[in-house]
Structure formats: C-alpha cells, structure tokens
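First comes the structure, then the notes that go with it.
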Amino acid sequence: MAYNVPAVIGSQQLDKKSIAEASRERMAGRASRLVFGLAIFSSAFLLFQVQLILGKFLLPWFGGNSAVWTTCLLFFQVFLFAGYLYSHRISTSFGLNRQGRLHLVFLAITTLWILFAWSFWGSPFLPSVQLKPVPGSAPVLGILKLLLLAIGLPFLLLSSTGPLLQNWYDQIHRNERNEPPYFLYALSNAGSLLGLLSYPIILEPSFGLGSQSRIWGAGFASFVLCCASCAWIAHRSSHASRDGLPITPNPSAKSAIPASAQRWWLWFTLPALGSVMLLATTNLLTQDVAPIPLLWVLPLCVYLLSFVFTFYRSNWYFRGLFHPLFAITALIAVIALFRGTDMNVFKQIGVFLVMLFTACVICHGELARIKPEARYLTAFYLTLSVGGACGGIFVGIIAPLVFPAIWEYHIGLWAIAALLVFILFLDKDSWLHEPRPDPWVPMTLFATIYLIPKYLARIGMITIPIQIVPVYNGGIVVVVLILAWLAFRGGPQWARRRVLRWYEITVGVSFLLLSTALYAHLTSQKGRLLYRERNFYGALSVHQNWDNDMLHSNFTLMHGRITHGLQVEQDRKLATTYYDEKSGAGLALTTNPRHAAGGMRVGAIGLGAGTLAAYSRAGDVYRFYEINPAVIRLAQGSAGYFSFLKDAPAQIEIASGDARLSLEAEAARHDFQNFDVLIVDAFNGDSIPIHLLTSEAMKLYVSHLHGRDSVIAVHISNLAVDLAPVIANLAKLYRMKGTLITTEVDSGVILPSEWILLTRGNSLNAPEIQRVGKPMLAFTNRETDVWTDDYSNVLSLLGFRGISMGSWMRKGRIP
C-alpha cells in the first residue's frame, strides 16, 4: 500500500492541475467571447454613426436635399458589399492563422489612414473646405468621390468585421456550440441600431460636427484594440491548420435548410427588396419635412430592427401573425399615398414606418428561414450584401433616370407581395397548403384585413380616397359573396377537389386588390398632367387645373407633392401662392421706397415658377439663385407654361447652383450684390435646407445687403418644424429687428404662408407691415441655440403643431 501513496498523490495533483487548466480555459473562453462581442458591436456602432455624421456634413455642399442621403446610402451599401467580399475571400482562401495576420496588417494600414487624415484635415474623416465642390458640378460623382477619399478604407474595414469575426468565432468555439453564430449577427444589428439612435438624441444635440468626428475617432481606436485582439486570438488559435488551408467545417453541424443553388436567388432578392423599401420610404419622408439625420435614422432603425427581430430568435418570425399584418399595413399605406399631403405629417411618418417594418420583417424573416450552416456563412452574408447594394443602386441611380416620379416605393411594395405569394405557393409546408383548412379562417382573415381600414375611416383616423372607394368596396362585396357561397354551399367540383383552396383564394384576391390600388395611384392625377421630370434634386411636374365653372385655368408647378408655383392663364401677372401682396414677401417688396421709383435690386434664393418677378418694375434687377436646372428651364418659359420671367420689365439674372456656394464665390471676389431685399425661399420639398439658416449663412446674407434699411425675408412655412426660434436667434446675433407675417387666405391660387422679415433699419415701420406683423417676442416661445455650419438641432424644433398637411397649408393640393 505504501507504494501506492505517491500514485494517489500524483493523481490528486494531476486532477487539481486539470481542474485549474479547465478553469483557465473557461475564463479564456469567456474573455474571447467578450472581446469578439465588443469588436462586432463597436464596429457596427461606428459603421452607422459615421454615415450620419458624413451625411450631415455633405448636405450643405450639395444643396441640402434628400438625394444627398440617398447617394450616401448607395456608397455605404456598395462598400458594405466590398467588406463582405473581403471577409469571404480571406476566410475561404487562407487558414485561420494567416487570416489573423492579414487582418492585423489591414488594421494597421487603416489606422495610419485615419491618423494621416487627422493631421491634414483636423478630423479623422471630415474633408477640408478646400474640397468643396464648385457650383453646378455633378452632385452624385462629387459625393461618391468625397466619401471614397474621406472614409473609404475605414468603412471597408468596419464593414468586413461582422462576417469575418463571426467566422473566426465559429471556428474557435465550434466544440462548445452546435449552432452557427447568428446571434452575433443580431448583436451586430443591435450595435447599428444603438449607433443610429444615439446620434440624433445624444451626439447631434450636444456636439458640433468637428467634435462628433473626434469622438468617433476615439471610439475607432477602441475598436482597433478589440479587433486586433480578435485577430491575435485567431492567429494563435489551436484550431488553425498547420498547412495554411482553411479549417474544414464540422460535418456534424446541422442546417435548417441545406445550402443549394436554388436558395441563392432568395439570398439576393429578399435583401434587395428590403433595401428598396428602406430607400424609397426615406425619400417619401424627407421630401415633405426636411432632409435631416432624424428622418434618416428612423427608417434605418426600423430596417435594422427587423434584422435583429428575425435573426436573434428564429421563432420570432411567425407567418400567421406577420402575413395578415403585412396585408393590413399595405392597405393603410396605399390609403396614405392617395391622401398625400391632406394627411397629418406625423400620421404619414407612422404609417410608412410601420409599413417598412412589416415589409422588412417579411423579407428578412423569410431570409432567416433559409439561412445556411456555418460553412456558407460568409457566402450568405456576401450574397445578402450584393442584394442590398443592388437595391440601393436601383433606387439611387436607376430610378431617378427611368421614373418621372417616386415609383420605386410602389414597385418595391408590389414586388414584396408578389415574392411572398410565390414563396408560399412553392413552400409545401406553408399555411397556404394546409390540407384541411377551415373556411372560417380565411374569411376571418379577409374581414380583418379589409374591414380594418373601414373602421379607421369611420372613427376619423384615416380617410379612404374617393379614387379607390369603388374598387375597395367592390372587391370586398365580390370576395365575401364568393367565400360565403363556397363555405355554406360546398362549391363546385373543382373546389371540393381542393384545386384552389380557401387560403389560395384569399391570397390571390388580396394580391389582386393591392396591385389594382397601387396601379390606380400611379395613374391618378390631380388636374391635367402636362409635364414631369425627375433628377437629382427631386421630381417636378406641371399640371393644368380649372376652376369649378371651367372659366379660369392655371398652370401649377409641383415638387413631389408640394406646390412650388402657380400662374393663372387669364391674369399672368398676378402674384400667386405664397407671394401675394399681403404675404411677407409681397410686403417686403411693395413697401420698399425704391419699388415705385425703380432701380431696386432684389435677390431671391429659390426660383420656383419665377412668381416674384411679377413685382418687378422697369430699372429693377432681380437675381435668382436656383440649384435645379429643370426648374430654371421651366421658369424661363420652356413649353410655355410659365412666363413670369419673360413678362418682367426688370433685368432678370439667374445664378445656377447652390445659393450658398454662389454667394460665397461672389463675396470672395468682392462682387457684393447690394440687395435692397433678399428673399430666402429655397425649399427642398417642404423645408428650407439647414445650411441656409445658420449664422455663417446669415453673415453672408448681410454682407450682400445695400444698407441698414435693406430687408431679408425668410419663408418659414413648414408642416412639422417650427423655424421661428432659429431665425429669432440669428436676428439677435446680428442685432436685427424682426416681425412675423402670417397669411391664412386659401383661395385656390393664393395659399397660406408664414414669413419673417429682418432688418437693421426702420423698414419694418411701414404701416402695411405694422398692421399685420407680430413682433419677435410674440413668436419666439422656445429656447434654442444658434445654428452654425458645425451645429444644428432640428429635433428640438419638431412637434405636432395641431394642423394637418392639407388643412393648414394646402400645399400639395392642386386647386
């Protein structure tokens, strides 16, 4: 027995040693999972936050319109594909140890890129002012070049992190798990979501753009440390093969659906349609409110939330819930499209965001159902990113070239419905192929889907447009009669043989009604459509409209769904819409001492139909600044719709390009314009671009004025943003007097408006202005900071103003 004692002791010591080693391995495993999670989360967080910072930075350089953000999204989606391609190529071409070494080199090069930009620009990625585009330069190419120079390599690194590190994690921790690491994909999207939400809520209101970029740079440094740790773990991992080849996937790993060529087209098509709906919804939201980060964030958050929802838990996507919900929200979205600007702006935002979420859950939920096993992980993400990039190319480049209006929303919604029907027919396990369906189930679904809009209209939440009422009511009656007959009478022989089942009838009729409604909206026109055109700066159309007696007609210029000018055929010199004699612009011009005598110099930022030229007199000079070449052509008389400029007795000058850049170029060469009246009216949809309302912009305006009695008239009519505090702050900063002029007349050709008039002299003492104007203290009811090129906070000015888009401004309704 004595000889056995050392053996027992040695065995105990060995057990203790093995327990200690196992404990160290568990701790190392937890640390490894934490580092991988932090790296993936932080990369997604930084990836989406930099998009918002750069988008806001580039807005004033390219006219401040929503197409700037769409172009930025196109660049980011293409580079997301490039990052996924990089991660796929190295993960399939090299062993884990060589992948780690290669990625460490990539990290080092990108860090040098950031430091180099920081030393020259004073920011990790914001370009210097020397790179500002010249007025009239090609906007899309200019944006893409600046983004490539500013953030190309860092964005490529960040976009490659998610799929690459998930692949490493799967290989390093394969023995601990039986499932592919799709929870890390959900974690990545959660990081993206937090990065988006934190920007308009925390970062934008608290810091200027320069500070935001430096904070992002500090976050990037933390990410580099985490990612380098992951690369080192991968390099030193005991799972790496010694011959340098990629590790062979675990053959016992199971996949819900095997990867095959038949599934790849769905990997591409589903995310492509989700991307189309994201960009098209963003276009709809920003064209009528303002191209601001908040309205970029909301659709992106909904889009990412759908990824988190569908990929975090596979059973969260329940077809029996989301398919009827998709049908309901699609009908309500179509109603919102028909109502247009007659629906309250916040209700529109809510409807389109709910529609976006439901559509994206459908796309990404069906995608999650066919996600492959771990061996196809990088190929899956690569195909997904190709689909997203192609969707972005379709909306950002192809659609503006081939569609005269924002038809991509209708096409995207219809395509998702069509693909869903196709998938349900192909999937023999879907509820559509229920062998013995209860006829009351589809009848109940039908009633729920099609009668909910009726209920919402009855209680006043929505209004069903007259154009679709016959189709809507007729469809309900016909299908209910057919279903009732089939349910209670048994139906003909083909129904009893189940050639067409109850569910199939319901789905087919639902899709037919949706197609009819979307087509009806695309072909419906208010008035007689004469002309339409679409370019980078938006969709323009000209309509001819008659009064009720068919005695008088007018030509109306529309930008999207917003009226931007109107001329009466029988009185072509009448100042209409927001520029009648009682409006702020009309009073600023008619009360000027030089108006009657002639020789007045007037500047107008924004041309529209050229209505302001109706006030001109012989000897006057009216200089218009306009960025949209299509607007210039129409105002100059193309096709004979508008003749304000041709009929004007004054000298008319037009400066093509962004007004801010043009005024800066004139000031730089000491060509100050000496305006007696400067009218700021450059609307993008329904809002003046932010870069025209900053302290730098106001300083520029003041430098171009003739003297102390010169007047700046700012058009602040807006459906959701209260701009009065912004103008009041600028007036205080430059010691100017201000008055608010509000008109509420809505005669069809005259529309309500809000203007603020500013001056350093006594021009506002005119009796006509004193009678209707409100002093500055009367309309500045909230505190806000002065906006600069570096800082603005639209979120603090958003609020429900107790008005509907149609009842207050009637903007978008053609009289």
Once amide H atoms are placed 1.01 Å from N in the peptide plane, what residues at a sequence separation of 5 or more from THR788, or on another chain, have their amide H within under 5 Å of its amide H?
SER695
Can you list the residues, at least 5 places off or on another chain, whose amide H is less than 5 Å from the amide H of ALA655, using H built in the peptide plane?
PHE624, TYR625, GLU626
Applied in sequence order to segment 559-573, the curve 6.51 cos²θ - 1.76 cosθ + 1.60 (Karplus, θ = phi - 60°) yields integer Hz couplings, x standing for Gly and Pro, of 10, x, 10, 10, 6, 10, x, 7, 10, 7, 5, 7, 8, 6, 9
Once the other residues with Cβ under 12 Å from the Cβ of LEU59 are scored (Lys, Arg +1; Asp, Glu -1), what is the net sum?
0
Rounded to whole Hz, the Karplus (6.51, -1.76, 1.60) HN-Hα couplings of segment 409-422, x for glycine and proline:
5, 4, 5, x, 5, 5, 5, 5, 4, 5, 5, 4, 4, 4
How many angstrom lie between the C-alpha centres of segment 319-360 and segment 79-122?
41 Å
Return the distance in nm (one decimal) between the two label points of a simple spin-label model at VAL469 and THR788, each offset 7 Å from Cα along Cα→Cβ.
5.6 nm
Two-decimal log10 I(q)/I(0) for segment 30-240, as the Debye equation yields it once each C-alpha is a single scatterer, q = 0.14, 0.15 Å⁻¹:
-0.83, -0.94
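Please give the length that would be gained between PHE183 and ASP671 if that part of the chain were fully extended, namely 0.36 nm times their separation in residues minus their C-alpha to C-alpha distance (nm, one decimal). Numbers along the way, then the final one.
Details: separation 488, 0.36 × 488 = 175.68 nm, distance 6.08 nm.
Answer, rounded to one decimal: 169.6 nm.
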Report the dimensions of segment 535-809 along its three principal axes from the alpha-carbon atoms, largest first, rounded to Å.
50, 44, 42
Diffing segment 761-768: the Karplus 3J(HN,Hα) column from phi (6.51, -1.76, 1.60, θ = phi - 60°), in whole Hz with x for Gly and Pro, holds x, 10, 5, 7, 7, 4, x, 5
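Find how much the distance from ASP547 to LEU102 grows on full extension, using 0.36 nm per residue of separation minus their present alpha carbon separation; answer in nm with one decimal.
Details: separation 445, 0.36 × 445 = 160.20 nm, distance 7.15 nm.
The span from ASP547 to LEU102 would gain 153.0 nm if fully extended.
Considering only Cα-Cα distances, which of the following residue pairs are longer than 20 Å: LYS573/LYS737; LYS56/LYS145; LYS56/LYS737?
Working: LYS573/LYS737 32 Å; LYS56/LYS145 16 Å; LYS56/LYS737 30 Å.
In this structure, LYS573/LYS737; LYS56/LYS737 exceed 20 Å between Cα atoms.
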Gain upon complete extension [VAL477, THR92; 0.36 nm per residue less C-alpha separation]
132.8 nm
Amide H neighbours of VAL711 under 5 Å, at least 5 residues apart or on other chains, H built in the peptide plane: list them.
VAL677, LEU678
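All of the numbers you see were taken from the coordinates with simple rules; none came from a lab. Note that this is a predicted model, so its numbers are computed, not measured. Counting neighbours? That spans all protein chains shown, and the Cβs are built from the backbone with ideal geometry, glycine included.
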